[in-house]
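A short write-up of the structure that comes next.
The values are calculated or read from the model by the stated rules, or taken from the named source; none is laboratory data. Predicted model, so just to flag it, every value in this text is computed and none were measured. Cβ placement follows ideal geometry from the backbone for every residue including glycine, while neighbour counts extend to all protein chains displayed. Ligands, DNA and RNA are stripped out before the accessible areas are found, and what is left, the full protein with its side chains, is counted by its heavy atoms. Shrake-Rupley method; radii C 1.70, N 1.55, O 1.52, S 1.80 Å.
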Amino acid sequence: MSLENKVKILSDNSVYRVTDLIHQRGVRWQRDRAEILSNPKFKDTIMFDYLMEKEKEWDYALLKSLIEKHTKKYNYPIPEENELVVHLRMGDVVGEGDSCPGFEAINDMYKGFWDNLNPDQFNKVTFVVALHFGANDLTGQYYYSDKVKEDNFTILENIKKQTEDVGKEMNIYSSSEPDKDICYMAHARHYVKSMSELSTIVSKCMVNDSDIYVTKSYK
């Protein structure tokens, strides 16, 4: 099965942007918090519970407990004991404009991905990735386009080749529900951060006593 059939595309994920909601970032976070709390489709999400229960901002202890609660409640999959879980922040970051790194920057960043990692110590390698487009109607940024989609998959194919070159299969875990991806990453015993703030948030909410890696690509 091709990568395009495995990786979910969130082409209009304008509200459920976890980092902005938690860190009060951008021009929409107040409006989007209100949307999370008022729209029934968000009622059973981690962000709904977080906004309802928090007594302070940036409450990682609460978030960690909610990740564990939702994983058990909805029986979300979790990684194996000796599985390396890699977060890839893809989607609008590959786009054009001052607010996006763009194709060349992201592609260069992922060159030499395995330089600081030992693939032989892991039984399985799973990349958690979706193409996330924030679609901000207030700024006119972060919108989906076919070209940006194609550029994303070019980068993913490059990462796949590097992974196969070190003797590992590129397993993909990708969901149209961000909560599932977050819960999967937070239960990893071995976790590779991406350059995104979401990855940093997850690293602060790891359920286990996990090893967290930063590859040469992200330095």
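Quick notes
Residue by residue, here is whether (1) free of Cβ contacts under 8 Å to residues at least 40 places away in the same chain; (2) open to solvent by less than 20 Å² (accessible area, probe 1.4 Å) holds:
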site: Leu21; (1), (2): yes, yes
site: Trp29; (1), (2): yes, no
site: Ser38; (1), (2): yes, no
site: Ile46; (1), (2): no, yes
site: Trp58; (1), (2): yes, no
site: Ala61; (1), (2): yes, no
site: Ile67; (1), (2): no, yes
site: Gly95; (1), (2): no, yes
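- Given (1) under 19 Å from the mean Cα position of the chain (by Cα); (2) hydrophobic (A, V, I, L, M, F, W, C); (3) modelled with pLDDT under 95, index of the condition Ile159 fails: (3)
- Selection from the stretch 115-141 of residues that are under 17 Å from the mean Cα position of the chain (by Cα) and over 28 Å from Lys161 (Cβ atoms): Gly134, Ala135
Conditions (1) open to solvent by 60 Å² or more (accessible area, probe 1.4 Å); (2) more than 22 Å from Glu177 (Cα to Cα); (3) at pLDDT 90 or above, marked per residue:
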{"site": "Asn107", "(1), (2), (3)": "no, yes, yes"}
{"site": "Tyr110", "(1), (2), (3)": "no, yes, yes"}
{"site": "Asp120", "(1), (2), (3)": "yes, yes, yes"}
{"site": "Leu131", "(1), (2), (3)": "no, no, yes"}
{"site": "Gly134", "(1), (2), (3)": "no, no, yes"}
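- Summed over the stretch 189-200, residues that are surrounded by 20 or more Cβ atoms within 10 Å (Cβ to Cβ) and touching a His at 6+ places or on another chain (Cβ under 9 Å) total 5.
- Residues considered: Val86, Val129. Of these, the only one that is in contact with a Leu (Cβ under 6 Å, 6 or more places away or on another chain), in contact (Cβ under 8 Å) with a residue 60 or more places away in the chain and not in a loop (DSSP other than H, G, I, E, B) is Val129.
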